[in-house]
Amino acid sequence: MSEHLKTLGVTTFSQCGSQGRELFRVNPDVPMLEAMEHASVLLHCAKALALDAALENDGDRYAWAAHYLSEMGKAIIDDLTQGMLVRVAG
C-alpha cells in the first residue's frame, strides 16, 4: 500500500505578508516513505532546537528555527494524510 501512496501537493505552509498568504507548498508525487523520513528528520531537528531555546537565555533564534522546521514537518504529514483520506474515500 505505502509504495503507491505519494504526496498530493495540496498542503501549503509559511504564511507571510499582511494578508497571511501561504508562501510554500509540499511538492506532489513524493513517495510516502521518503516523505515520512524527511518529516521525521525535520521534526527531530525542531525538537532539539526547541530544547536549546528553552535552556538558553537568548534562545529566540532556536525557537524560530524550531517553529519553521515544525511547520515544514507538519505540512508533509498533513499532505500525506490528505492522500490517505482520498484513497480511503475513493
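Numbers for the structure displayed
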read-out: Of the criteria (1) surrounded by fewer than 12 Cβ atoms within 10 Å (Cβ to Cβ); (2) without any contact (Cβ under 8 Å) to a residue 12 or more places away in the chain; (3) not aromatic (F, W, Y), which one R61 fails; value: (1)
read-out: Enumeration of residues in segment 28-80 that are closer than 16 Å to T11 by Cα and of a type in the set (S, T, N, Q); value: S70
read-out: Odd one out for A63 among (1) under 12 Å from the mean Cα position of the chain (by Cα); (2) assigned to a helix (DSSP H, G or I); (3) not polar (S, T, N, Q); value: (1)
read-out: From the options M84, M36, residue that is surrounded by 14 or more Cβ atoms within 10 Å (Cβ to Cβ), at pLDDT below 95 and part of a helix (DSSP H, G or I); value: M84
read-out: Meets criteria (assigned to a helix (DSSP H, G or I), at pLDDT below 95 and surrounded by 12 or more Cβ atoms within 10 Å (Cβ to Cβ)) for M72; value: no
read-out: Filter result (in a helix (DSSP H, G or I) and either surrounded by 12 or more Cβ atoms within 10 Å (Cβ to Cβ) or acidic (D, E) (or both)) within segment 42-56; value: L42, L43, H44, C45, A46, K47, A48, L49, A50, L51, D52, A53
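The values are calculated or read from the model by the stated rules, or taken from the named source; none is laboratory data. Here the structure is a predicted model, which is why all the values come from computation and not from measurement. For neighbour counting, all protein chains shown are included, and Cβ atoms are generated from backbone atoms with ideal geometry for every residue, glycine included.
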